[in-house]
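What follows draws every value from the coordinates through simple rules; no lab data is involved. From a predicted model like this one, the values you see are computed outputs, not experimental measurements. Neighbour counts are summed over all protein chains in view; Cβ atoms, including those assigned to glycine, are modelled from backbone coordinates with ideal geometry.
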Ligand code: PMP
């Protein structure tokens, strides 16, 4: 679907996958007006193909669009775009355990204009690709590199927008993590006692021995994960107390050492929920808490809801086909 100032959104179509032609002066290539979402379509026990909380993705995309001076896309149009694509590509939705069709809605500026001002022409697209288990099947704790060299976001920045520039800014840290034999980077907020923020592509939770869940509060510098919100709701449904607040790396470290923190996990659309293992922080290592019971059972519940084997009491699933 394309957008031009005055005309609004127009020209909705499904076309064969292929290269996009852009003017070399297209604003996105110079000033990075680009936003995206990450979602999955699951084979459901009822024979249909469903996606998870798509209106939350639509709302988040519109929040990102506001931050990046881009046009709003009607929630209904967003959901229809997924229905249209998956309606045609339903055969591509894999049926193996933990497999899904990954959906990538994205929007960027196409206007050929080199001045620094919001563009007046955009395009919105959705592409799809079959995806397996993010970290390769078994529930193995991921190793994390704590970056002290790079931050991902600052107050007033674009940390809570899902825009390509945030990911560009995280790549050097991710490269270091890979070099150190780690799977993901943990970003800290050095202005606030090294409060933990998030991983490169996931939000973080600590579980305490007395059954509380602690996760960094949303202060505008981390992405408002839809899995994060769902985990909070599922935990509260079980009567677990959830604290959204500032939590420092030292609190994590001390908690693991004295046994008050019993589990640590990360969550996001791609990996759903994955236990966090060892944390490498320069020469220091924070020990792994292993794969805990709360992590496993919230993960099983969420996966069950997504594939239709557990009752969807919050009405989170949306049938696409
Ligand atoms: N943080 C970042 C930086 C991410 O890229 C993602 C993945 N979208 C998340 C958190 C988790 O968000 P969600 O649960 O909506 O996938």
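For the reader, a short list of remarks on this structure follows.
- Residues of segment 256-278 classified as more than 18 Å from the chain's Cα centre (by Cα), on the phi < 0 side of the Ramachandran plot and either in contact (Cβ under 8 Å) with a residue 40 or more places away in the chain or buried (at least 24 other Cβ atoms within 10 Å of the Cβ) (or both), total: 6
- Filtered residue count, segment 167-195, keeping only those that are in contact (Cβ under 8 Å) with a residue 40 or more places away in the chain and within 12 Å of the ligand (Cβ to nearest atom): 4
- Subset of segment 214-232 (residues that are away from the ligand (no atom under 13 Å from the Cβ) and surrounded by fewer than 22 Cβ atoms within 10 Å (Cβ to Cβ)): 217, 219, 220
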